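Notes follow the structure.
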Amino acid sequence: MSGGCAGPLALVNATHPLAGDQPPRLLPPDPRRPEILLEPRAAGLLQACIRAAGGQDEILPVSGWRSRQEQEQIWADTLAKRGPAYTRSFVALPGCSEHETGLAIDLGLAGQELDFICPFFPESGACGEFRRLAPDYGFILRYPPGKEQVTGIAHEPWHFRYVGFPHSRILTDRGLVLEEYLEMLCRYHSQRPLYFRARRYDFEIFYLPEGCQPPKSGAGFCRQHSGDNRGGQVWTIWKEGRA
């Protein structure tokens, strides 16, 4: 990722493709499957969330980062084997796949015969507990039911996306998908940010169009920013919360 799409809040879909095929820095989140890679922070937090859910023996990474070439091959193979309707529902076009960012992970239930495109990831057991804990570790269920017209992808209970905290918590609590969240954030600016409190921290979140400089005032102990792959940036300021 580069330029305006760099960062955990980058929107990647059919109308917002990636500009290039520059692989990010990557690490394996699970030593059992060293070939499956994620962006380093996402990899560490995924491992921590699986551990917190008690899923070390039950949850298995199925697919992480993919190169453009690999995505092209997956699209062609799925189209040939399962037809256009299935392929359009469950496989993103090359250049339009979140897997090319290193921020998306497909998970499956260990011990099952894993379907690479649609792995089984149930609502019960450690899988269900992972799903419940995921927002506290920066992950969202990227393609929930009822949002197909917004995301352009069918419900995928196995596909999780790292967006970072507190965004993962806000998205989940408000029942939003990433497209809706970024659209909502366009209404907030540095003088009127979105306020959110969690984990004894106060967060100020606002959007800056491309070319705008962030304000020097209002600094917290941590200032983060992420491109949105739409020409803008989302700024997040962490502050110590008041008792």
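The values are calculated or read from the model by the stated rules, or taken from the named source; none is laboratory data. Note that the structure is predicted; figures quoted are calculated from it, not measured. Methodologically, a virtual Cβ is constructed for each residue, glycine included, from the backbone with ideal geometry; neighbour enumeration extends over all protein chains shown. Heads up: the accessible areas ignore ligands, DNA and RNA and are worked out on the full protein's heavy atoms, side chains in. Shrake-Rupley method; radii C 1.70, N 1.55, O 1.52, S 1.80 Å.
Any residue in region 172-180 that is touching a Lys or Arg at 6+ places or on another chain (Cβ under 7 Å), within 25 Å of residue 120 (Cα to Cα), at pLDDT 95 or above and not aliphatic (A, V, I, L, M)?
No: zero hits.
Show the residue pairs meeting these rules: Cβ distance below 6 Å; 6+ apart or different chains; first residue within region 67-86 and free of Cβ contacts under 8 Å to residues at least 24 places away in the same chain; second residue among the aromatic types (Phe, Trp, Tyr) and open to solvent by 90 Å² or more (accessible area, probe 1.4 Å).
none
Report yes if some residue within region 73-88 is surrounded by fewer than 16 Cβ atoms within 10 Å (Cβ to Cβ) and under 18 Å from the mean Cα position of the chain (by Cα); otherwise report no.
No: zero hits.
Please find, within region 89-99, the residue that is most open to solvent (accessible area, probe 1.4 Å) out of those that are in contact with a helix residue (DSSP H, G or I) (Cβ under 6 Å, 6 or more places away or on another chain) and under 23 Å from residue 6 (Cβ atoms).
Of everything passing the filter in region 89-99, 94 is most open to solvent (accessible area, probe 1.4 Å).
If you take just the helices (runs of 4 or more DSSP H) that sit entirely in region 115-231, which of them hold at least 2 residues that are open to solvent by less than 30 Å² (accessible area, probe 1.4 Å) and without any contact (Cβ under 8 Å) to a residue 60 or more places away in the chain?
Working: elements: 125-133, 148-151, 167-174, 178-185.
In region 115-231, the matching helices (runs of 4 or more DSSP H) lie at 167-174, 178-185.
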